[in-house]
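The values are calculated or read from the model by the stated rules, or taken from the named source; none is laboratory data. All values reported here derive from a predicted model rather than from experimental measurement. Glycine also receives a Cβ, built like all others from the backbone with ideal geometry; neighbour counts cover every protein chain displayed.
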Amino acid sequence: MSEKSIYKQAGITIDVTEIKTLLAKFGDITPNLMRKSLRRGFAAIGKEVKAIQKSKIKSIDGKRKVGIGFNKKGKPIKNGLEKSITVKTNVDIKKGKAYMFVGPKRKATDLGTPSKYAHFVESGVKPHLIDVKKGQNQGRTFSHPGYKKRPFVAPSYDTVRAKAQRMMLDAMEQAIKESLK
């Protein structure tokens, strides 16, 4: 991807040597079964990370005056940021690559664009001036007081990182055993 992620510091690395040992235990498995088992492993980790992110957002919501997220009419969405948290995985066996992302959606059709402001919550905003270019207040300048950072993506990965390897291996082993029955 050519897009630069603001959540680059957050991530979990899985040691593939243990995965290779697990796969060798079951002998020759098909690429489809390999893909299925990897997806199952990612799903187990993703579910845990998603739950932690949502709980961190709930604690942030109590400290904010305005909800993050707006519908197509510009009205604030209650719990918009929390609703936008999603798990995205991609497993490409031919290329030997797989990844998982857990965090706010970039595009959320039914919610408008709640993740449009998620990075401001994660990394904070310094006080700055806003020049209004459209609408009723066109030509006016407002002073934004800034926003203290309240990270929720990076800490969720940090919390799960220690047990991610075991979760991945357990879920993969279960998927393989179910398919071989």
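Okay, residues lined up against (1) modelled with pLDDT of 80 or more; (2) surrounded by 13 or more Cβ atoms within 10 Å (Cβ to Cβ); (3) in a loop (DSSP other than H, G, I, E, B):
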{"position": "Thr89", "(1), (2), (3)": "yes, yes, no"}
{"position": "Ala98", "(1), (2), (3)": "yes, yes, no"}
{"position": "Val102", "(1), (2), (3)": "yes, yes, no"}
{"position": "Lys116", "(1), (2), (3)": "no, yes, no"}
{"position": "Phe120", "(1), (2), (3)": "yes, yes, no"}
{"position": "Leu129", "(1), (2), (3)": "yes, no, no"}
{"position": "Gly135", "(1), (2), (3)": "yes, no, yes"}
* Report yes if Phe142 is modelled with pLDDT of 85 or more, of a type in the set (Phe, Trp, Tyr) and in a strand (DSSP E or B), otherwise no. => yes
* Asked: Under the condition of being under 15 Å from Asp15 (Cβ atoms) and among the hydrophobic types (A, V, I, L, M, F, W, C), which residue from the range 161-181 is modelled with the lowest pLDDT?
  -> Ala162
* Asked: Is the range 147-154 home to any residue that is loosely packed, with under 10 Cβ neighbours inside 10 Å and farther than 30 Å from Lys25 by Cα?
  -> yes
* Asked: Within the range 12-40, restricting attention to residues that are on the phi < 0 side of the Ramachandran plot and small (Gly, Ala, Ser), which residue is modelled with the lowest pLDDT?
  -> Ala24
* To do: State which residue pairs qualify: first residue in contact (Cβ under 8 Å) with a residue 24 or more places away in the chain and inside the range 121-147, second residue β-branched (Val, Ile, Thr) and surrounded by 11 or more Cβ atoms within 10 Å (Cβ to Cβ) in any location, beta carbons under 6 Å apart, and separation of 6 or more residues or different chains.
  => Glu122/Val153; Tyr147/Val125
* Meets criteria (of a type in the set (Gly, Ala, Ser), over 25 Å from Ala118 (Cβ atoms) and touching a Gly at 6+ places or on another chain (Cβ under 7 Å)) for Ala175 -> no
